[in-house]
Amino acid sequence: MNKLWTPSETRISQSEMTRFQASFAEHLGQPISDYGELHQASIDNSDAFWQHLVAFYDVIGDGDLSPVCTDYSFDSYAWFTNYRLNFAENLLAKGADDACALQTIHESGKHTYITYAELRQQVANLQAALRDYVQPGDV
């Protein structure tokens, strides 16, 4: 099978995955030289991998990161049962106000951009409306 695209060495060396890989290798105290080794290290050190990922990316949440997973069976897999986070809060927390948060491209070719500041304001407006008009028991 032919590859559709391969990143340049510069792009690889500057990627978030490479940054995380180096940090996790340092955390474990062992070399991790490529994606395959990172994948294997994530399997061999599953709890350490996920706990380090949460810390490395400054995931906002409350509680204890242990245990990472309480049951690995397919139908009852449970992640971070002692940790609570707000997914929207984490998505909105990182971007600079003037940075592009969302970009749409209409079939006509028209591009629309929404900055993090605009998106945060729209989310706050929706949150206020929901708080004011949606009550427990509403369907």
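The values are calculated or read from the model by the stated rules, or taken from the named source; none is laboratory data. Owing to the predicted nature of the structure, the values given are computational and were not obtained by experimental measurement. Glycine gets a Cβ as well: all are built from the backbone with ideal geometry, and neighbour counts include every protein chain shown.
Return the total of residues in the stretch 101-120 being surrounded by fewer than 13 Cβ atoms within 10 Å (Cβ to Cβ), within 27 Å of the chain's Cα centre (by Cα) and of a type outside the set (A, V, I, L, M).
6
Is the stretch 73-88 home to any residue that is farther than 27 Å from residue 26 by Cβ, under 19 Å from the mean Cα position of the chain (by Cα) and touching a residue at least 24 places away in the same chain (Cβ under 8 Å)?
Yes.
Could you pull out the residue among 41, 48, 55, 88 that is at pLDDT below 95 and assigned to a helix (DSSP H, G or I)?
88
Can you confirm whether residue 70 is hydroxyl-bearing (Ser, Thr, Tyr) and not assigned by TED's automatic domain parsing to the domain that holds residue 30?
The answer is no for residue 70.
Look at the stretch 69-85 and say how many of its residues are assigned to a loop (DSSP other than H, G, I, E, B) and modelled with pLDDT of 90 or more.
Counting residues in the stretch 69-85 that are assigned to a loop (DSSP other than H, G, I, E, B) and modelled with pLDDT of 90 or more gives 4.
Please identify the pairs in which a residue from the stretch 2-14 that is under 14 Å from residue 34 (Cα atoms) has its Cβ atom under 7 Å from the Cβ atom of a residue that is modelled with pLDDT of 95 or more, counting only partners at least 6 apart or on another chain.
Filtered contacts from the stretch 2-14: 12/18.
For the condition within 30 Å of residue 13 (Cβ to Cβ), outside the structural domain of residue 18 (by TED's automatic domain parsing) and among the polar types (S, T, N, Q), what is the one hit in 103, 51, 40?
103 is the lone residue from the list that is within 30 Å of residue 13 (Cβ to Cβ), outside the structural domain of residue 18 (by TED's automatic domain parsing) and among the polar types (S, T, N, Q).
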